[in-house]
Amino acid sequence: MARQRMAIGQAAQAAGLTRKAVRVYEAEGLLPPADSSTADYRLYTPARSCDRM
């Protein structure tokens, strides 16, 4: 089964945050680093990141 991934905007909306807040949380080490797509977009997985937001 493929892992579901969300772009930063989708993850932020699901968590009730702004994209900027998600970036700050990641920079401060409160969230694990996101995976990157081939186009260098941040990709978040619910189990790894979104649940922590």
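What do you reckon, is Leu17 out of contact with any Ser or Thr (no Cβ under 9 Å at 6 or more places or on another chain), not hydroxyl-bearing (Ser, Thr, Tyr) and not in a helix (DSSP H, G or I)? Please lay out each step first, then the result.
Details: out of contact with any Ser or Thr (no Cβ under 9 Å at 6 or more places or on another chain): yes; not hydroxyl-bearing (Ser, Thr, Tyr): yes; not in a helix (DSSP H, G or I): yes.
When the stated conditions are applied, Leu17 passes them.
Specify the residue that is farthest from Leu43 (Cα to Cα); the eligible residues are those in segment 1-14 that are part of a loop (DSSP other than H, G, I, E, B) and either touching a residue at least 60 places away in the same chain (Cβ under 8 Å) or out of contact with any strand residue (DSSP E or B) (no Cβ under 6 Å at 6 or more places or on another chain) (or both). Let's see the steps before the verdict.
Residues of segment 1-14 part of a loop (DSSP other than H, G, I, E, B): 1-5.
Subsequent filtering for residues that are either touching a residue at least 60 places away in the same chain (Cβ under 8 Å) or out of contact with any strand residue (DSSP E or B) (no Cβ under 6 Å at 6 or more places or on another chain) (or both) retains 1-4.
Values: Met1: 17, Ala2: 14, Arg3: 11, Gln4: 9 Å.
Result: Met1.
Within the chain, work out how many residues are modelled with pLDDT of 85 or more, exposed (fewer than 13 other Cβ atoms within 10 Å of the Cβ) and of a type in the set (Asp, Glu).
Qualifying residue count for the region: 2.
The values are calculated or read from the model by the stated rules, or taken from the named source; none is laboratory data. A quick note: this is a predicted structure, and the numbers were derived from the prediction, not measured. All Cβ positions, glycine included, derive from the backbone under ideal geometry; neighbour counts span all protein chains shown.
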